[in-house]
């Protein structure tokens, strides 16, 4: 939920606060959120949390592919 909350709720405040949280701490994964913010400009995206290991076909396939990819040597 961190990514979804970050991109849908917290991002405007982070940007306004110089990439600091409401507690004054640096935003975790700032570079990733900056890039994600850039990439989604002009898009209408519906962000949805999908519980892991819940039997959803697409999610199970994503898990399988992630496990397979994790076995590959780094390039």
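Can you say whether residue 49 is in contact (Cβ under 8 Å) with a residue 40 or more places away in the chain and under 19 Å from residue 4 (Cα atoms), as far as the supplied structure shows? Yes: the conditions hold for residue 49. Look at residue 4 and say whether it is part of a loop (DSSP other than H, G, I, E, B) and either without any contact (Cβ under 8 Å) to a residue 24 or more places away in the chain or within 12 Å of the chain's Cα centre (by Cα) (or both). Criteria not met by residue 4.
Scanning the range 39-65 for residues that are surrounded by 10 or more Cβ atoms within 10 Å (Cβ to Cβ) and not in a helix (DSSP H, G or I) yields 47, 52, 56. The single condition from (1) out of contact with any strand residue (DSSP E or B) (no Cβ under 8 Å at 6 or more places or on another chain); (2) at pLDDT 95 or above that residue 48 fails is (2). When restricted to residues that are surrounded by 10 or more Cβ atoms within 10 Å (Cβ to Cβ) and part of a helix (DSSP H, G or I), the range 10-38 contains 13. Taking (1) surrounded by 10 or more Cβ atoms within 10 Å (Cβ to Cβ); (2) free of Cβ contacts under 8 Å to residues at least 12 places away in the same chain in turn, residue 71 satisfies each apart from (1).
The values are calculated or read from the model by the stated rules, or taken from the named source; none is laboratory data. Computed from a prediction, not measured in an experiment: that's the story for all the values here. Note that each Cβ is placed from the backbone with ideal geometry, even for glycine, and that neighbours are counted across all protein chains shown.
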